[in-house]
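The values are calculated or read from the model by the stated rules, or taken from the named source; none is laboratory data. Keep in mind the model is a prediction, meaning the values are calculated, not measured. Cβ placement follows ideal geometry from the backbone for every residue including glycine, while neighbour counts extend to all protein chains displayed. Surface areas here come from the heavy atoms of the whole protein model, side chains and all, with no ligands, DNA or RNA. Shrake-Rupley method; radii C 1.70, N 1.55, O 1.52, S 1.80 Å.
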Amino acid sequence: MIEISDLYKSFGDLQVLKGINLQVEKGEVLSVIGASGSGKSTLLYCINGLEPIQKGSIKVDGVEVHAKDTDLNKLRQKLGMVFQQWNSFPHLTVLENVALAPRIVRKLPKRDARDVALKQLEHVGLGDKIESYPGALSGGQQQRLAIARALAMEPEYMLFDEATSALDPELVGEVLDTMRLLAEEGMTMICVTHEMGFARDVSDRVAFFHEGLIEEIGPPKQIFGDARSERTKKFLSKIR
Amino acid sequence: MEQTVQFFSGFNVNDFLFLGEAAGRTLLISFVSIALGTLLGGLFGWALYEGKLFATFALAPVLDVFRSVPLIIQLVLFYNFAPIVGLRLDPFMSGVAVLTIYTAALVANVARGGIEAVGQPMRRAARSLGMTYWQDLRYVVLPIGGRAVFPSWVGVALGVMKDSALVSVLGYVELLKASQILITRTQEPFLILAFAGAFYFALSYPISLYADKLERRWAQ
Ligand SMILES: Nc1ncnc2c1ncn2[C@@H]1O[C@H](COP(=O)(O)OP(=O)(O)O)[C@@H](O)[C@H]1O
Ligand SMILES: [Mg+2]
């Protein structure tokens, strides 16, 4: 379970998160929507400790992420993250991209790391590309590679930061399908997304971010059909 | 060394071997200096990138000095002043010391550029997989940044190899010094300098070729 309470985060004078309270249960899929600049990415970075916080607390399975004695490298193995820019390692083959972290972080023997990598690449439908270099893949394939790379750490949570925003429209579907597959398999996911169809169909709950606060959170039915907040309605009417 | 050469007036096969041997010494002093200088320069480049107070205010200006003072002045100063502080180094060691620092000063900037070329998002992706700071440096920054600045590094290395000719002022018999010795004896400057030039070319051209091949392989 991820428990966030009274979270404040700023960059210098810029207050970005202004008191976030949020709990994500095991197995839950949460979509996070909201205008650009409202702090959605920052929240994900705070959850896996890539950004320090100023106040409040984030606990993952009871472990305080921002406590001094927390081993972040170990904690991050639980928290897979997929970015808008896929950041595949250009000097490694597809297989090596996925096998690297299992080998050096999980310290698996080479063979086992390779097996894990193969399994996850087949999982995301890239089993036939293992010897290619990322440069030879489409954006959608590179993003699925990034998903496989994160999954190879066998995380318990997946954080997606606009995984499809940098993709050509015709490539969005294959990545969303992969995410949908993970959701069906029971992965706990926080998905920052602009894909309202995905948010509506796949998530258990949807959170609408507005200027560093969760303006409204609830089941997709509520957010998309019967929003309580005027701001939520306004945001949704604008993007449709 | 000079004594082994017999005193003929014309250029002969032995002279050619003598040049070849000297080319070997050029290669040796260059190789040692470039290798040590690259290690040290990589370390300096990392310090510059991390930009701690020490790096910005102490290291950067010092490296600027070594980059901008002509190598020949550095060599003569070092060779003459090192004994004063108790360092008794032969011409080879003195040459290695100065060329290493000089290479390191040049490589430091190249290395910093390499780290910058990798970019924050890539490094965050690496860290998000649970890699430590050092694993990120070793497995992500080094190979990606290294490839990005490899052509600049080859440029530095080839430059240092040519600049190693200046170590001749200390009496180390590398290619240029050997040529001077032969010219004095044979009075055939054009022929001998042409040979020396050909040796320099023979040393650096394979490196250029190999570098090109590597770059092409990485580019695919
Ligand atoms: N590293 C940073 N340094 C300074 N400001 C930042 C940094 N990252 C994000 N911000 C600012 O924080 C705000 C929220 O950013 P972000 O979390 O990326 O929003 P979102 O993902 O919702 O678009 C923006 O105003 C952005 O400019
Ligand atoms: Mg964002």
message: If I filter the stretch A:56-93 down to residues being out of contact with any Asp or Glu (no Cβ under 7 Å at 6 or more places or on another chain) and part of a helix (DSSP H, G or I), which single residue comes out as most open to solvent (accessible area, probe 1.4 Å)?
response: A:Lys74
task: Identify the residue in the stretch A:177-209 that is buried (at least 22 other Cβ atoms within 10 Å of the Cβ) and in a loop (DSSP other than H, G, I, E, B) and, among all such residues, is farthest from ligand 1 (Cβ to nearest atom).
output: A:Ser203
- prompt: Does B:Asp136 satisfy being of a type outside the set (A, V, I, L, M, F, W, C), closer than 24 Å to B:Ile115 by Cβ and buried (at least 18 other Cβ atoms within 10 Å of the Cβ)?
  reply: yes
query: Is it the case that the stretch A:25-45 has a residue that's assigned to a strand (DSSP E or B), within 15 Å of ligand 2 (Cβ to nearest atom), β-branched (Val, Ile, Thr) and more than 14 Å from every other protein chain (Cβ to nearest Cβ)?
result: yes
task: Of the conditions (1) acidic (Asp, Glu); (2) open to solvent by less than 30 Å² (accessible area, probe 1.4 Å); (3) within 16 Å of ligand 1 (Cβ to nearest atom), A:Asp13 clears all except one; give me its number.
output: (2)
field: When residues of the stretch B:139-155 are limited to those that are over 16 Å from B:Gly119 (Cβ atoms) and in contact with a helix residue (DSSP H, G or I) (Cβ under 8 Å, 6 or more places away or on another chain), the one surrounded by the fewest Cβ atoms within 10 Å (Cβ to Cβ)
entry: B:Pro151
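Per-residue answers, yes or no, for (1) away from ligand 1 (no atom under 16 Å from the Cβ); (2) over 17 Å from A:Ile4 (Cα atoms):
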residue: A:Glu25; (1), (2): yes, no
residue: A:Ala35; (1), (2): no, yes
residue: A:Ile47; (1), (2): no, no
residue: A:Arg76; (1), (2): yes, no
residue: A:Asp112; (1), (2): yes, yes
residue: A:Gly125; (1), (2): yes, yes
query: From the list B:Leu158, B:Leu203, which one is touching a helix residue (DSSP H, G or I) at 6+ places or on another chain (Cβ under 9 Å) and modelled with pLDDT of 95 or more?
result: B:Leu158
field: Number of the exception - A:Gly56 against (1) among the small types (Gly, Ala, Ser); (2) more than 14 Å from chain B (Cβ to nearest Cβ); (3) within 16 Å of ligand 2 (Cβ to nearest atom)
entry: (3)
message: Filter the stretch A:49-68 down to the residues that are within 14 Å of ligand 1 (Cβ to nearest atom) and not β-branched (Val, Ile, Thr) and list them by number.
response: A:Leu50, A:Glu51, A:Pro52, A:Gln54
message: Give me the helices (runs of 4 or more DSSP H) completely within the stretch B:30-139, filtered to those with at least 1 residues that are more than 14 Å from every other protein chain (Cβ to nearest Cβ), ordered by residue number.
response: B:60-68, B:71-81, B:91-118
field: Given (1) assigned to a strand (DSSP E or B); (2) within 16 Å of ligand 1 (Cβ to nearest atom); (3) touching a residue at least 40 places away in the same chain (Cβ under 8 Å), number of the condition A:Glu216 does not satisfy
entry: (3)
- prompt: Quick one: would you say A:Leu100 is open to solvent by less than 20 Å² (accessible area, probe 1.4 Å) and away from ligand 1 (no atom under 16 Å from the Cβ)?
  reply: yes
- prompt: Which one of the conditions (1) closer than 25 Å to A:Asn97 by Cβ; (2) open to solvent by less than 10 Å² (accessible area, probe 1.4 Å) does A:Glu174 fail to meet, given that it meets all the rest?
  reply: (2)
message: So, in the stretch A:225-240, exactly how many residues are surrounded by fewer than 18 Cβ atoms within 10 Å (Cβ to Cβ) and either among the hydrophobic types (A, V, I, L, M, F, W, C) or part of a loop (DSSP other than H, G, I, E, B) (or both)?
response: 6
Among (1) open to solvent by 30 Å² or more (accessible area, probe 1.4 Å); (2) within 16 Å of ligand 2 (Cβ to nearest atom); (3) under 15 Å from the mean Cα position of the chain (by Cα) - the single one A:Glu154 does not satisfy: (2)
message: Pairs needed: first member in the stretch A:66-79, more than 14 Å from chain B (Cβ to nearest Cβ); second member anywhere, buried (at least 18 other Cβ atoms within 10 Å of the Cβ) and not acidic (Asp, Glu); C-beta distance under 6 Å; at least 6 residues apart or different chains.
response: A:His66/A:Ile53
query: Under 9 Å by Cβ, and 6 or more places apart or on different chains, what pairs join a residue from the stretch B:194-220 that is without any contact (Cβ under 8 Å) to a residue 60 or more places away in the chain with one that is surrounded by 13 or more Cβ atoms within 10 Å (Cβ to Cβ) and aromatic (Phe, Trp, Tyr)?
result: B:Gln220/A:Tyr133
message: Looking at B:Leu53, B:Leu48, B:Leu43 in this structure, which one is surrounded by 17 or more Cβ atoms within 10 Å (Cβ to Cβ) and either farther than 24 Å from B:Tyr139 by Cβ or of a type in the set (A, V, I, L, M, F, W, C) (or both)?
response: B:Leu48
